[in-house]
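**Student:** Can you read through this structure? Questions will come right after.
The values are calculated or read from the model by the stated rules, or taken from the named source; none is laboratory data. These numbers were taken from a predicted model, which means no experiment stands behind them. Every residue, glycine among them, receives a Cβ derived from its backbone with ideal geometry; neighbour counts consider all protein chains shown. All accessible areas refer to the heavy atoms of the entire protein, side chains included, with ligands and DNA or RNA removed. Shrake-Rupley method; radii C 1.70, N 1.55, O 1.52, S 1.80 Å.
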Amino acid sequence: MTEAQLLRSYVNGAWRDGVRVVPDIDPTHPNEAVASSSLADASLVADAVTGAYAAYSKWRGTPAPSRGEILRRAADLVDGRANDIARDLTREEGKTFSEALGETQRAASTIRYYAAQTLEPDGDLYPSQKPGVHLYTRREPLGVVTAITPWNFPIMIPAWKIAPALAFGNTVVWKPAELTPLTATHLMKAFIDAGVPAGVLQLVLGSGSQIGDALVTHPRVAAVSFTGSNTVGRALQAKAVGARKAVQLELGGKNPAIVLADADLDMAADGVARGAFLSAGQKCTATSRVIVAREVLKPFLDRLVSRAETWKLGDPLEKDTVVSPLVSAEARQRVLAFIEGAQGEGARVAAGGGVLRGNDGFFVRPTVLVDVRPEHAVAREEVFGPVASLLPAASFDEALALANDTPFGLSASLYTRDLATAHRFADQAQAGIVLVNLETSAAEYHVPFGGIKDSGAGPHERGKAAREFLTQEKTVYINAS
Ligand code: ADP
């Protein structure tokens with residue numbers, strides 16, 4: 001794609017201008033625009049929803065395996081274009097090229113997985129209590145699904161919402177995040193080139209606060225799937241439920257990693273550092289609170305600090321870069337404010353703690369905080385930056401209580417060699433995703449993904465779970481005697 005490219009919405013088979021053009025900024029070189037995008041208004045949203053509704057009955061009537069063939073082609077196109085897509089993803093979002101490439105390839109695998117799901121059973125056959133009655137259930141699409149996606153996984157999250165929605169016969173109106181319109185355009189083009197019919201997938205580029213209501217409350221929208229912040233998600237949920245839509249929310253996390261005294265400390269330090277610092281900590285599953293057995297606090301801290309200080313922070317397109325910039329100037333400001341606020345409350349910076357000097361990209365150095373108290377804001381609120389807060393614990397029970405002491409419940413990990421403790425953790429951790437001797441970030445495409453407590457609402461996404469939200473069940477009795 002060329003520098004000057006103007007990105008636009010794609011509605012009813014045509015690229016459509018919006019009402020306002022904004023630059024798509026490179027977080028590594030903020031003075032350079034990667035592209036610019038033309039933001040839609042509510043009337044374009046209405047066209048998109050109406051068009052998706054008009055396209056629905058034909059798409060629903062298309063045999064599921066034929067829908068799957070189209071998705072399989074889209075997956076192959078994403079794979080074939082993965083290098084170009086990943087480069088643009090890095091340029092507009094800032095994560096390292098290897099992470100961007102991995103994400104793009106996982107997006108392709110996700111789409112391929114849902115292509116295969118179109119061959120799976122979509123109902124159950126039951127014996128009837130009445131003679132001669134054929135009794136079965138079938139899962140049917142909902143209609144028009146609105147997908148609202150964030151910038152931090154700008155191809156994988158859209159893929160895991162759009163692919164199952166289309167596979168199961170829904171049509172989709174998709175609003176990607178304002179910060180990542182170029183990656184969104186790549187994905188849209190793959191679906192178009194694969195043969196998704198006009199109207200079946202509508203791309204609307206726009207500002208959430210300006211077109212959000214139109215996307216969520218339009219009478220022709222049946223369901224809304226949202227991934228993003230808790231503030232926006234909960235407000236959107238109230239509106240959508242009020243308008244009688246089905247709602248699925250994937251929200252934030254405050255994910256703990258517990259390091260017990262018997263853990264392999266090198267493995268634990270690697271997992272915690274990866275979870276806290278990769279993608280500059282901008283993952284809803286990022287490791288944020290590190291709860292460490294007192295007796296190994298010092299050796300663990302040394303290991304974590306050494307990683308924070310030696311992992312290369314820099315240009316995400318360079319091969320040896322491990323830690324990348326934050327997505328925007330606002331994000332950087334927010335993260336720095338958390339670090340300063342923590343210091344004001346008595347925490348100490350053991351590594352990092354500021355910007356990358358001599359660089360105008362949105363870099364924050366990987367940061368390790370000690371002397372953090374559970375009540376400090378940095379230990380309670382989602383930071384979304386490369387910041388690990390260490391909290392000591394005297395026992396597994398105390399560690400578990402600290403881990404669960406949060407309104408969030410997305411992912412939680414434990415480092416131990418003790419099998420019984422591992423199983424107890426799996427049972428008692430209050431999180432939708434639990435990991436032992438692995439970092440808190442995990443999202444394999446064929447298993448469910450989602451949080452509990454304040455980290456989400458509605459059925460989980462991914463794997464077979466996707467069918468539950470994106471279809472509705474019908475029970476059929478046929479007396480053919
Ligand atoms: P983040 O902190 O990841 O930017 P947001 O919740 O602000 O999280 O954004 C996630 C997605 O929600 C983006 O696509 C954004 O445009 C969209 N969004 C923001 N505000 C609204 C809103 N009021 N209604 C609907 N969508 C919104």
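**Student:** Considering only strands (runs of 3 or more DSSP E) fully contained in the stretch 370-481, which possess at least 2 residues that are of a type in the set (Ser, Thr, Tyr)?
**Tutor:** Counting at least 2 such residues, we get 411-415, 471-479.
**Student:** Here's a follow-up. If you go through the stretch 187-198, how many residues are buried (at least 24 other Cβ atoms within 10 Å of the Cβ) and farther than 24 Å from Asp84 by Cβ?
**Tutor:** The total comes to 0.
**Student:** Let me ask something else about it. Out of the residues in the stretch 55-80 meeting the condition of being out of contact with any strand residue (DSSP E or B) (no Cβ under 9 Å at 6 or more places or on another chain) and of a type in the set (A, V, I, L, M), tell me which one is farthest from Val21 (Cα to Cα).
**Tutor:** Applying the filter and picking the extreme gives Ala64.
**Student:** With respect to the numbered conditions (1) assigned by TED's automatic domain parsing to the domain that holds Gly275; (2) open to solvent by 20 Å² or more (accessible area, probe 1.4 Å); (3) small (Gly, Ala, Ser), which one is the sole condition not fulfilled by Ala429?
**Tutor:** Condition (2) is where Ala429 drops out.
**Student:** Is there any pair linking a residue in the stretch 462-481 that is within 28 Å of Val447 (Cβ to Cβ) to one that is of a type in the set (Lys, Arg), with Cβ under 6 Å and at least six apart or on different chains, and which?
**Tutor:** Filtered contacts from the stretch 462-481: Thr471/Arg139; Glu473/Arg139; Lys474/Arg138.
**Student:** Keeping to the stretch 199-241, report how many residues are within 15 Å of the ligand (Cβ to nearest atom) and open to solvent by 60 Å² or more (accessible area, probe 1.4 Å).
**Tutor:** The total comes to 9.
**Student:** Those residues that are surrounded by fewer than 17 Cβ atoms within 10 Å (Cβ to Cβ) and of a type in the set (Val, Ile, Thr), I need them from the stretch 279-315; list them, please.
**Tutor:** Thr310
Residues are listed down the side, and each one gets a yes or a no for (1) in contact with an Asp or Glu (Cβ under 7 Å, 6 or more places away or on another chain); (2) assigned to a loop (DSSP other than H, G, I, E, B):
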{"site": "Trp174", "(1), (2)": "no, no"}
{"site": "Leu182", "(1), (2)": "yes, no"}
{"site": "Ala190", "(1), (2)": "no, no"}
{"site": "Pro197", "(1), (2)": "no, yes"}
{"site": "Gln202", "(1), (2)": "no, no"}
{"site": "Ser209", "(1), (2)": "no, no"}
{"site": "Ala214", "(1), (2)": "no, no"}
{"site": "Ser225", "(1), (2)": "no, no"}
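**Student:** On to the next question. Given the criterion closer than 21 Å to Val145 by Cβ and either in contact with a helix residue (DSSP H, G or I) (Cβ under 6 Å, 6 or more places away or on another chain) or at pLDDT 95 or above (or both), identify the matching residue among Leu39, Leu125, Leu44.
**Tutor:** Criteria check complete, one pass: Leu44.
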